[in-house]
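Quick note: the coordinates plus some simple rules give every number you see, no bench work behind them. In this text the structure is predicted, and so the values were computed from the model without any measurement. All Cβ positions, even for glycine, are placed from backbone atoms using ideal geometry, and neighbour counts span all protein chains on display.
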Amino acid sequence: MRGFSSSSSSFLMETSSSSSNFFAIVHNCPLISALVAFSIAQLIKFFTTWYKERRWDPKQLIGSGGMPSSHSATVTALVVAIGFQDGFGGSAFATAFTFASVVMYDAFGVRLHAGRQAEVLNQIVYELPEEHPLADTRPLRELLGHTPFQVVAGAILGFVTAAIASVIYKA
């Protein structure tokens, strides 16, 4: 009986520990800020597509490209929330800032141009004669990257989200 009670108390401690880990995640302002900024950006894209094209496109909830940049919103919210929480002079902020800079540069640099190349390649394949072996090739995704304006809009959304979250978490 004694072994049973010690193992059951061990189980209770592990359960308590895992539930406290969950609550630690919920109270992690930078993580929640980043997730909320991403979600808001994706919802904006989803409703913008409906408004412009009068159709629901569920791919907009998880897809890349479009206005605003969810990549920029996410990493900006993360870096700003870390700055508000831990200070703007720490190594965590420096790491997050560097990470955010690379992600945003990639969003409007490499990925934007890859999307434009996909557009040109799709047009070339579309114009191939039917008997060509590549005529049946599935089209490449064209909406991969962002314009600088979309990246800046995402960064503003991320900043505002992190600022609001920081105020809420401090209250």
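Would you confirm whether any residue within region 85-97 is surrounded by 22 or more Cβ atoms within 10 Å (Cβ to Cβ), under 19 Å from G154 (Cα atoms) and either under 18 Å from the mean Cα position of the chain (by Cα) or touching a residue at least 24 places away in the same chain (Cβ under 8 Å) (or both)?
yes
Would you pick out the residues in region 148-166 that are closer than 11 Å to T76 by Cβ and small (G, A, S)? Full working, then the answer.
Within region 148-166, the first condition is being closer than 11 Å to T76 by Cβ, and the residues that meet it are 151-163.
Listed by number, the residues that qualify are A153, G154, A155, G158, A162, A163.
Name the residue, out of T49, T74, that is under 12 Å from the mean Cα position of the chain (by Cα), surrounded by 13 or more Cβ atoms within 10 Å (Cβ to Cβ) and β-branched (V, I, T).
So the residue among T49, T74 that is under 12 Å from the mean Cα position of the chain (by Cα), surrounded by 13 or more Cβ atoms within 10 Å (Cβ to Cβ) and β-branched (V, I, T) is T74.
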